[in-house]
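Worksheet: the structure to be examined is printed underneath.
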Amino acid sequence: MKLLDGLLVLDFGQFLAAPFAAMRLADLGARVIKIERSEIGDLSRKLTLSNLVVDGDSTVFHSMNRNKESYAANLKNPEDVKAVMKLVEKADVLIEGFRPGTMAKLGLDYDSVKKINPRLVYGSVTGYGNEGPWKDKPGQDMLVQSLSGMPWLNGNRDQPPLPFGLSVVDMFTSANLVQGILAALVRRGTTGEGGLVEVSLIESALDLQFEVLTTHLNDGGKLPERSEVNNGHAYLGAPYGIYETKDGFIALAMGSIIQLGELLECDELLNYQDSKTWFDKRDEIKRILVGHLKLKETKEWLQVLEAADYWCADVHTMETLMNHEGFKALEMVQEVVRKNGATLRTTRCPIRVNGQRLFKANAAPVLGEDTDHVNKEFHLKG
């Protein structure tokens, strides 16, 4: 299902936020040409998780650059810049993620390129926007999480601030960029004009906290108070959290403490009849649950709670997740193949269109493998 078939996207991004946005457009059917520095390429080619490399590139790079072509260019070389500008003239979307001012030095900023292609939708990712005292700071996910206050939501009260174990800010920023680009393309279909779509990691990190920041702005400025016991959410009462059982762990979401006490046959919980105590005395309640839930295995508790439609879940490891029929039914894993035959297992696009899952077999490109073909197709050189 190629919803964006016919659109040409130029991806100048590196690392995660910008390349991930370009990959999502590729998943939806756009043609994406990744513009990379000659000999070096996207720096994420060498940024590994657990030192894992497949066919010379990190799994980090592979995971966010499938379904793209790679065009190698030295943007300090006038001939290469001229060739890239010819591509820009023909593109529908350009995505970049450099520090403020970098694209302007190359003559590839929005004000410059819109003169040669007024229909271009230009997507720009920065760490902190183009103004203010933070604008030149490095836009790295954990650093942005820290500046946004997000780590104070994780872990228990006696623990130091804890960052999320995923690059959630990059991912959320990428999603915001895709939304903005698609909206700009819809407007272009009406007006014929392109536009500049700008997102930043810090604004996305703040937007990601819209619930808790809204609470903070309206509760007299109280700081988040993490639970001392099994904290799952600094602003929610018991039983919200993950608990150890006799053989594993169980997650409990929002729900009545009275009903929970009845289902678990835990009489101590029946003393908390006032629902306000579920927050005010959440640590008391959670300590009772900590002791009680260790008496039986996870599956025993799940049988009781799920039968009553009480919100709960098993806590999977990656191994148990991938062996579970629920995971297998989703068909989230696909195998992609490079032109040289190298293969990689990765996730698929999570979007379905008319019931159809979006699988693409093309793996992330080798650096510069499409340069000659693109030069010939678009008559960029010679």
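The values are calculated or read from the model by the stated rules, or taken from the named source; none is laboratory data. No experiment lies behind these values; they were computed from the predicted model shown. Virtual Cβ from ideal backbone geometry, glycine too; neighbours counted across all protein chains shown.
Look at (1) farther than 15 Å from D370 by Cβ; (2) at pLDDT 95 or above and you find that P78 fails only one, number (2). Looking only at segment 229-245, decide whether some residue is among the aromatic types (F, W, Y) and within 16 Å of L302 (Cβ to Cβ). For segment 229-245, residues among the aromatic types (F, W, Y) and within 16 Å of L302 (Cβ to Cβ): present. In segment 358-380, the residues that are under 25 Å from L344 (Cα atoms) reach residues that are among the hydroxyl-bearing types (S, T, Y) and in a helix (DSSP H, G or I) with C-beta atoms within less than 9 angstrom, at least six apart or across chains, in these pairs: A364/S63.
Taking the options G132, G127, name whichever one is buried (at least 22 other Cβ atoms within 10 Å of the Cβ) and either more than 21 Å from I33 (Cβ to Cβ) or outside the structural domain of R188 (by TED's automatic domain parsing) (or both). Outline the logic, then answer.
Values: G132 fails: buried (at least 22 other Cβ atoms within 10 Å of the Cβ).
Result of the check over G132, G127: G127.
Could you list, in sequence order, the residues of segment 317-346 that are part of a strand (DSSP E or B) and more than 26 Å from I250 (Cα to Cα)? Hits for segment 317-346 are Q334, E335, V336, V337, T343, L344, R345, T346.
Restricted to segment 350-373, and to residues that are at pLDDT 95 or above and buried (at least 17 other Cβ atoms within 10 Å of the Cβ), which residue is nearest to A22 (Cα to Cα)? The selected residue is A364.
Quick one: count up the residues across segment 189-199 that are farther than 17 Å from F20 by Cβ and either surrounded by fewer than 18 Cβ atoms within 10 Å (Cβ to Cβ) or of a type in the set (F, W, Y) (or both). Write out each step before concluding.
Filtering segment 189-199 down to residues farther than 17 Å from F20 by Cβ leaves 189-196.
With the extra rule that they be either surrounded by fewer than 18 Cβ atoms within 10 Å (Cβ to Cβ) or of a type in the set (F, W, Y) (or both), the set shrinks to 189-193, 196.
Qualifying residue count, segment 189-199: 6.
Pick from S124, S146, S174, S167: which is of a type in the set (S, T, Y) and free of Cβ contacts under 8 Å to residues at least 24 places away in the same chain? The conditions single out S146.
Return the residues of segment 92-124 that are buried (at least 21 other Cβ atoms within 10 Å of the Cβ), aliphatic (A, V, I, L, M) and either in contact with a Gly (Cβ under 6 Å, 6 or more places away or on another chain) or part of a loop (DSSP other than H, G, I, E, B) (or both); say none if nothing qualifies. Across segment 92-124, the qualifying residues are I95, L108, L120, V121. Close contacts from segment 45-57, counting a first residue that is closer than 16 Å to E335 by Cα and a second that is loosely packed, with under 14 Cβ neighbours inside 10 Å, with Cβ to Cβ under 8 Å and a gap of 6+ residues or different chains, come to D55/N340.
Quick check on D267: is it among the acidic types (D, E), more than 30 Å from N117 (Cα to Cα) and without any contact (Cβ under 8 Å) to a residue 24 or more places away in the chain?
Working: among the acidic types (D, E): yes; more than 30 Å from N117 (Cα to Cα): yes; without any contact (Cβ under 8 Å) to a residue 24 or more places away in the chain: yes.
When the stated conditions are applied, D267 passes them.
Looking only at residues of segment 200-221 that are in contact (Cβ under 8 Å) with a residue 40 or more places away in the chain and not hydroxyl-bearing (S, T, Y), we find that the one that is surrounded by the most Cβ atoms within 10 Å (Cβ to Cβ) is L201. Checking segment 225-244 against the condition returns a match, with at least one residue being on the phi > 0 side of the Ramachandran plot, in a loop (DSSP other than H, G, I, E, B) and at pLDDT 95 or above.
Let's see how each residue does on (1) within 26 Å of T126 (Cα to Cα); (2) assigned by TED's automatic domain parsing to the domain that holds N176; (3) touching a Leu at 6+ places or on another chain (Cβ under 9 Å):
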| site | (1), (2), (3) |
| --- | --- |
| E193 | yes, yes, no |
| S200 | yes, yes, no |
| E203 | yes, yes, no |
| T214 | yes, no, no |
| L223 | no, no, no |
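Could you tell me whether segment 2-17 includes any residue that is farther than 24 Å from N375 by Cα, in contact with a strand residue (DSSP E or B) (Cβ under 6 Å, 6 or more places away or on another chain), in the same structural domain as V168 (by TED's automatic domain parsing) and among the small types (G, A, S)? Among the residues of segment 2-17, at least one is farther than 24 Å from N375 by Cα, in contact with a strand residue (DSSP E or B) (Cβ under 6 Å, 6 or more places away or on another chain), in the same structural domain as V168 (by TED's automatic domain parsing) and among the small types (G, A, S), which makes the answer yes. Filtered by the rule that a residue be within 15 Å of S256 (Cα to Cα) and among the acidic types (D, E), segment 285-323 gives E306, D309.
Within segment 64-83, being buried (at least 19 other Cβ atoms within 10 Å of the Cβ) and part of a helix (DSSP H, G or I) holds for D80, A83. The residue that is farthest from T320 (Cα to Cα), among those in segment 256-306 that are assigned to a helix (DSSP H, G or I) and among the basic types (K, R), is R282. The set of residues in segment 233-260 that are farther than 13 Å from K281 by Cα and crowded, with 19+ Cβ neighbours inside 10 Å comprises G241, Y243, T245, I250, L252, G255, L260.
Residues in segment 25-47 that are part of a strand (DSSP E or B) and closer than 24 Å to L185 by Cβ: how many? Explain how you work it out, then say what you get.
First pass over segment 25-47, keeping only residues part of a strand (DSSP E or B): 31-37.
Applying the additional criterion that residues be closer than 24 Å to L185 by Cβ yields 31-35.
Qualifying residue count, segment 25-47: 5.
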